[in-house]
1. Mind grabbing the accessible area of GLU40 for me, 1.4 Å probe, Å², rounded to tens?
2. Taking the Cα centre of region 11-62 as the origin, how large is its charge dipole in debye, to the nearest 20, when only Lys and Arg (+1) and Asp and Glu (-1) carry charge on their Cβ atoms?
3. Got a sec? Charge dipole of region 208-317, +1 on Cβ for Lys and Arg, -1 for Asp and Glu; which of TYR262, THR301, LEU229 is way out at the positive end?
4. Could you check the simple spin-label distance between ASP224 and ALA19, using points 7 Å along Cα→Cβ, in nm with one decimal?
5. To the nearest 0.05, how large is the calculated FRET efficiency for ASN311 and GLN207 if R₀ is 41 Å and r is the Cβ-Cβ distance?
6. Over 18 Å between Cα atoms, which of LYS71/LYS142; LYS34/LYS181; LYS154/LYS309; LYS34/LYS142 qualify?
7. Region 222-294 to region 17-89: how many Å between their Cα centroids?
8. So for the pair THR39, ALA184, with labels modelled 7 Å out along Cα→Cβ, what separation do we get in nm?
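The values are calculated or read from the model by the stated rules, or taken from the named source; none is laboratory data. It should be emphasised that the depicted structure is a prediction, and the values quoted were computed from it without experimental measurement. Because the Cβ atoms are built from the backbone with ideal geometry, glycine has one as well, and the counts that use them run over all protein chains shown. Only protein heavy atoms, including side chains, enter the accessible area calculation; ligands, DNA and RNA are left aside. Shrake-Rupley method; radii C 1.70, N 1.55, O 1.52, S 1.80 Å.
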Amino acid sequence: MAIHWLEPDIAECTRRGIAYFTSELEMANGLPCKMYRITEKFGSLSDHMHDYLQIWYVSKGEFIHTLYGQKYRMIQGNIFVLPPYSVHRVEMIPGKEMEVLGCEFMPAFINERLEGMPAEPQLFDLSFIKPFITTEDRVPLKITLTGGSDLAVKELLAEMLAEYGSRGPFFDILLKANLLKLLAIVNREHADQRKLPSRTGGSDQYQYREPILESVQYIHDHYDQPLWLEDLCARTMMSRTNFCRRFKEVTGRTFSQYLANYRIRMAMRLLTEPELTVTDVCFKVGFNELPYFCRIFKKYTGTTPAYYKKNAFKTVD
């Protein structure tokens, strides 16, 4: 069955005070995709709609999202993917912080054959967005990301935002690749939650989710400093056993694995800077012994830091 956009009567929407945003004006340089970060300083948005798909991921805080007349409290770890021409509004909550990572894109960014709709129902790439362009009563309006999916989505969006801002070589290819992965993860989470509605309920896993995510952010902010498991347990007011269990539930890794992996990822970036030596990088990412840093680096990457630094951009003669 072909999928059609139900385009509204723009004149009628204007009469009703509904703002209308178009990809032609919102997306620059012919790229059918846009990335941004917004905070509570952005302010509330009255009723509006747009002719493109919109993804909002809540990385901090909360706000109220109204769609199809229903209010949804969006909190950290929630995400939505809105189809075009959905009339919605956003309300800030006084005294509450908020940070959203946003992505807006036209179907043609997924596949040029999706331009304009209707699309061929057998087109494989349609599966990336099909769950979000169905009838109003079936669109997943709020998805709670769980476990490693939440961290993966946040990292993908952060990387997309950086690529979009830098506009380096092939940035558009990287944007598309990450968007497809992002949509695949969200589709999987949505499918799982439809099969297991209790996953979005009040299980004890969700009781500890926010403090664990705060601990992960603390690691990201302080990876270059000494970090001890006991300190994070104290920050979250959790026992060592409980913290370790919940941390692995949310991230898919133990505390030590996650910390080492994140430090090595940061080291890989720094090793490409010509002015920094391997020893410099070792201490800049929080290791205090060069032999240990080299051993961990090889464990995670399969090569030594010196070899990686020498060959990262070297061409084959």
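1. 70 Å²
2. Here region 11-62 has a charge dipole of around 160 debye.
3. Value: THR301.
4. The answer from the label model is 3.8 nm.
5. With a Förster radius of 41 Å, E is 0.30.
6. LYS154/LYS309; LYS34/LYS142
7. The two parts, judged by their Cα centres, are 34 Å apart.
8. 3.4 nm
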